[in-house]
Each structure stands twice: as structure tokens, then as C-alpha cells.
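Novice: Sharing a structure below in C-alpha cells format, with a few things to ask.
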Amino acid sequence: MKITFINGSPKKKGSASGKLICELRGRLSDVPERITAGLAEHSAAEIIDAIQNCDAIVFVFPLYVDGLPSGLVRFLDEYRNTISHAAPRAKVYVVVNCGFYEARQNAIAIAMMENFCASSSLTWGRGLGIGCGGMIGDVSLNRFPMKKIGRELDELAKNICGLETAENSFVEPSIPRFLYMLLANLSMKLEMRRQSKKTGSLECS
């Protein structure tokens, strides 16, 4: 079995999408061939080569204005037919994370990927929308408050390994919304202060 993970994040390093791919790869350690390709790190030709004859394609990316990152949109639009010819039997799975608390904000982006599959003669597997994406890089997904996300990744890994089709799902960490917003605002203010020390041009009260 061959699985290709495509990281749609514009970040080369330190992205939540990259961590989610690592988490899924770990849950699929019995699969003999697991390839990861990133739009920010690899050329289109390298990504297409990674997709060749794979059984499953797993797109992982952040939500951008209720949709896909522009680089991923361009790639899918330009190489739509190439992807379907390279892996005609592949099932497509999607993981989208967003900075919003509500994981349902990812529903439109998942629907866009379903439409892409339908128009490209690719087989849809399932989508997973994750809220509070800003927390993914900082906390273990196997511990509170992220255990629900870890369990959804466990289920998704089973679906991928069995090439199963399942219902789309949406999940947030086990923290109240007001606390997430409080932490997000605090983090933003700290980052602004850090940047102001670098440039001397920003003030934060």
C-alpha cells in the first residue's frame, strides 16, 4: 500500500499541517510506503511523482478565508487531470485546520475538495475539520485538552488504512470557547510586543 500526504500549508517549517501529517504517519506506521510532499518545499513535478500509483492521497492544509490556500488552489486547478491520471484508483482524504474555535468553519473547504474529486474522477474518502488550529503545535494530541482530536486522527487513520469511505467530521479541543479566545488574544499581544522590539515601530497596550 502507498499513501501520499500533501502538505498544502505555505509554511516550510513549523506548520500545524506538518504536525498533523506527522501524527497520521505515526498512526499508519504499518503501511510500507508513506510519502510526504509539501507545496512550499517541492516542485509540482516532485509532488506528481510522489502521487504516482498511490492508493490514498491525504491533503492536509490550513483554512484560508473559508477556503483553500491559494497555492493549493493553483496546484489543483493546473494539475487536475495529471493527478487523476497519476493515481486513478486513489481515495482522497482531507484534513483542514482553522484558527477559529468552531471546527465547522472548515465545512466549505472540505466541500470544495469533494467537488474537486467529483470533477477529477477521483474517489472521495472523507474529510476532517479541526478547530483551534493555533493550539496544535503546542500541545500533545494524546493528552487533555487535545485527546478528542487524537481520537479523530485514530479513526481517520483506520479509514485510510482500509481505504474506507466515511462521514466527514468536525472536532475541537476540550476547552471552552471563551478560554480559547482569551489565550489567542494574549498570544497575539505577546507576538506584537516581540515584533515591536525587533522593529521599534509597533506599540501594544
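Novice: Using alpha carbon centroids, what distance separates the stretch 78-144 and the stretch 1-22, in Å?
Specialist: The stretch 78-144 and the stretch 1-22 have Cα centres spaced 11 Å from each other.
Novice: Take each of the peptides 59-72, 36-49, average the number of other beta-carbon atoms within 10 Å over its residues, and list them starting from the highest.
Specialist: 59-72, 36-49
Novice: Run the numbers on the chain and let me know its relative contact order in percent, using alpha-carbon pairs under 8 Å that are six or more apart.
Specialist: Once divided by the residue count of the chain, the mean separation gives 19 percent.
Novice: Hey, another quick one. Mind putting a number on the dipole of the chain about its Cα centre? Charges go on the C-beta only, +1 for Lys and Arg and -1 for Asp and Glu, and I need it in Debye to the nearest 20. Spell out each step's value before the answer.
Specialist: Numbers: 25 positive and 21 negative charges, 143 e Å.
Value, rounded to 20: 680 debye.
Novice: Then there is this: Could you give the spread of the C-alpha atoms of the chain along their three principal axes, from largest to smallest, in whole angstroms?
Specialist: For the chain, the Cα extents along the three principal axes come out at 55, 34, 29 Å.
Novice: Sequence-distant or interchain residues sharing an amide H contact under 5 Å with Val92, placed H: which?
Specialist: So Val92 has HN proximity to Ile57, Thr123, Trp124, Gly125.
Novice: Given the -39500 (n - 2.57) contribution per DSSP H run of 4+ residues, what per-residue ellipticity at 222 nm results for the chain, rounded to the nearest 500 deg cm²/dmol?
Specialist: Working: 7 runs with 88 residues, N = 205.
Here the helix-only value at 222 nm equals -13500 deg cm²/dmol.
Novice: Taking the chain as the reference, fit the longest principal axis to its C-alpha atoms, fit the long axis of helix 107-120 to the helix C-alpha atoms, and give the angle between the two in degrees, 0 to 90, nearest 10.
Specialist: 20 degrees
Novice: Next question. Angle check, please: helix 16-27 long axis (alpha carbons) against the longest principal axis of the chain (alpha carbons), in degrees 0 to 90, nearest 10.
Specialist: Tilt relative to the chain: about 50 degrees.
Values quoted throughout were computed directly from the atomic coordinates according to the rules given, and no laboratory measurement underlies them. Keep in mind it's a predicted model, so treat the numbers as computed, not measured. Neighbour counts are summed over all protein chains in view; Cβ atoms, including those assigned to glycine, are modelled from backbone coordinates with ideal geometry.
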